[in-house]
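The values are calculated or read from the model by the stated rules, or taken from the named source; none is laboratory data. Just so it is clear, the model here is predicted, and its values are computed rather than measured. With ideal geometry, Cβ positions are generated from the backbone for all residues, glycine too; neighbour counts draw on all protein chains shown.
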Amino acid sequence: MLVRGRGVLDIDWSSLYEELYSGLVRYLHRKVWDVDRARELAQDVFVRALAARPDNPRAWLFTVAANLARDEARVVIRRRKHLALLKSEHDADPPYVDPVAAMAAEERAAAVRRALDALTERDREVLLLKDAGLSYADIAARTGLAQGAIGTTLARARRRLIEAHATQEERHAARG
């Protein structure tokens, strides 16, 4: 999304935003596991990009997103520790949620998280970037892998994810 303006290549940020925002949110959601927070972080990434004006905006956006997600994980850990201390305070009763449906959804999400966590950082990163809609060239730029190796790396990562999920399911079936 580069346009010529006054003899200098400029980025068409509006088009880039429309093209990458939903993929960036999906990528961040799989990092922070909170869709609202993923949307907020994606907005923050674009705000930072407008200030920084990077040369390779796609790779830059996902690099900054990964860094923000890592920072977010640290904040969440601190927040959980703090909430554990405050747990004795009792809030109003939450609205009714079908416990069976909620438990099934939580189990599915937990199984996906465990399967993703069982992968190497490289496999997880390549899968999440592809799921976010990045091209092989963008994934290569973000990960440092050769562009020709991305397809093979993705195929192997997908196979390992399926195997990790099957292992998780077998363990779950053996327990219950």
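Residues in the range 47-69 that are touching a residue at least 24 places away in the same chain (Cβ under 8 Å) and assigned to a helix (DSSP H, G or I): 12 in all. Can you find a residue that is among the aliphatic types (A, V, I, L, M), buried (at least 17 other Cβ atoms within 10 Å of the Cβ), in contact (Cβ under 8 Å) with a residue 40 or more places away in the chain and assigned to a helix (DSSP H, G or I) anywhere in the range 30-46? Yes, the range 30-46 contains a residue that is among the aliphatic types (A, V, I, L, M), buried (at least 17 other Cβ atoms within 10 Å of the Cβ), in contact (Cβ under 8 Å) with a residue 40 or more places away in the chain and assigned to a helix (DSSP H, G or I).
So, Arg26, is that one charged (D, E, K, R), in contact with a Leu (Cβ under 9 Å, 6 or more places away or on another chain), more than 29 Å from Glu106 (Cα to Cα) and not assigned by TED's automatic domain parsing to the domain that holds Glu125 or not? Quick ask: steps written out before the conclusion?
Values: charged (D, E, K, R): yes; in contact with a Leu (Cβ under 9 Å, 6 or more places away or on another chain): yes; more than 29 Å from Glu106 (Cα to Cα): no; not assigned by TED's automatic domain parsing to the domain that holds Glu125: yes.
No.
The single condition among (1) assigned to a helix (DSSP H, G or I); (2) at pLDDT below 90; (3) among the aliphatic types (A, V, I, L, M) that Leu134 does not satisfy is (1).
Determine whether the range 54-77 contains at least one residue that is in contact with a strand residue (DSSP E or B) (Cβ under 8 Å, 6 or more places away or on another chain) and either aromatic (Phe, Trp, Tyr) or modelled with pLDDT of 90 or more (or both).
So in the range 54-77, the residues in contact with a strand residue (DSSP E or B) (Cβ under 8 Å, 6 or more places away or on another chain) come out as 57.
Narrowing further to those that are either aromatic (Phe, Trp, Tyr) or modelled with pLDDT of 90 or more (or both): 57.
Checking the range 54-77: at least one residue is in contact with a strand residue (DSSP E or B) (Cβ under 8 Å, 6 or more places away or on another chain) and either aromatic (Phe, Trp, Tyr) or modelled with pLDDT of 90 or more (or both).
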